[in-house]
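Let me begin by presenting the structure, written as structure tokens, before commenting on it.
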Amino acid sequence: MNVISNMDSKDQIQDDRGSGLLFENETHTILQFCFQITNTLGHGFREKTYENALVHLLSKNNVPHQQQPRYPVIFDEVKIDEFIPDLIIYNNIIVDLKTIESITENEIGQMLNYLRVTKLKLALIINFKHARLQYRRVSL
């Protein structure tokens, strides 16, 4: 498991492209959109507001995405539940948008479970609660 955390200024993100991170260019694009949303809307809205704003930017920029797709949770060969992530972007990245005090080990653990269920390798937890956008990369 890899977890990378950043809290950057409102106007820029750390450019980690070329560092060998999984889906680094795609992650950079997603984070640019999130900073654009933060700079325009600010903080204090509910999660769905930020999700819909991000979906708008993804659609406007022809970025492949699915909003709230359904994945079965299987136990002992039986579907016992389903997982519905906020977004799957580029068919490879789970994006979970939050408006919480801070991203904790609880959210990271939840993302690891979601990665296992979807069989994807990368998740982004993006927190819009405060004036400074907070995000974490979680990968298997």
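Overview of results
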item	result
Subset of region 60-101 that is aliphatic (A, V, I, L, M) and touching a residue at least 60 places away in the same chain (Cβ under 8 Å) - its residue that is nearest to TYR135 (Cα to Cα)	VAL95
Options VAL3, VAL55, VAL73, VAL63: the member that is within 14 Å of ARG137 (Cα to Cα) and either modelled with pLDDT of 95 or more or not polar (S, T, N, Q) (or both)	VAL3
Residue selected from region 9-44 under the condition exposed (fewer than 13 other Cβ atoms within 10 Å of the Cβ) and at positive phi, by the criterion modelled with the lowest pLDDT	GLY18
Complete set of residues in region 56-84 that are out of contact with any helix residue (DSSP H, G or I) (no Cβ under 9 Å at 6 or more places or on another chain) and among the hydrophobic types (A, V, I, L, M, F, W, C)	PHE75, VAL78, ILE80, ILE84
Condition check for THR104: among the β-branched types (Val, Ile, Thr) and touching a residue at least 40 places away in the same chain (Cβ under 8 Å)	no
Hits in region 55-91 (condition: more than 15 Å from the chain's Cα centre (by Cα) and hydroxyl-bearing (Ser, Thr, Tyr))	SER59, TYR71
Complete set of residues in region 58-85 that are aliphatic (A, V, I, L, M) and under 14 Å from VAL95 (Cα atoms)	LEU58, VAL63, ILE84
Pairs with Cβ under 7 Å, 6+ apart, first in region 23-45 and under 14 Å from LEU122 (Cα atoms), second among the basic types (Lys, Arg)	GLU24/ARG17; ASN25/ARG17; THR27/ARG137; HIS28/ARG17
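To keep it simple, each residue is scored yes or no on (1) touching a helix residue (DSSP H, G or I) at 6+ places or on another chain (Cβ under 9 Å); (2) closer than 14 Å to TYR50 by Cβ; (3) not basic (Lys, Arg).
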| position | (1), (2), (3) |
| --- | --- |
| ASP86 | yes, yes, yes |
| ILE94 | yes, no, yes |
| GLU101 | no, no, yes |
| ILE108 | no, no, yes |
| ASN113 | no, no, yes |
| ILE126 | yes, yes, yes |
| SER139 | yes, no, yes |
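The values are calculated or read from the model by the stated rules, or taken from the named source; none is laboratory data. The structure presented is a predicted model; accordingly, all values stated were derived computationally and were not measured. As a convention, Cβ positions derive from the backbone with ideal geometry for all residues, glycine included, and neighbour counts pool all protein chains shown.
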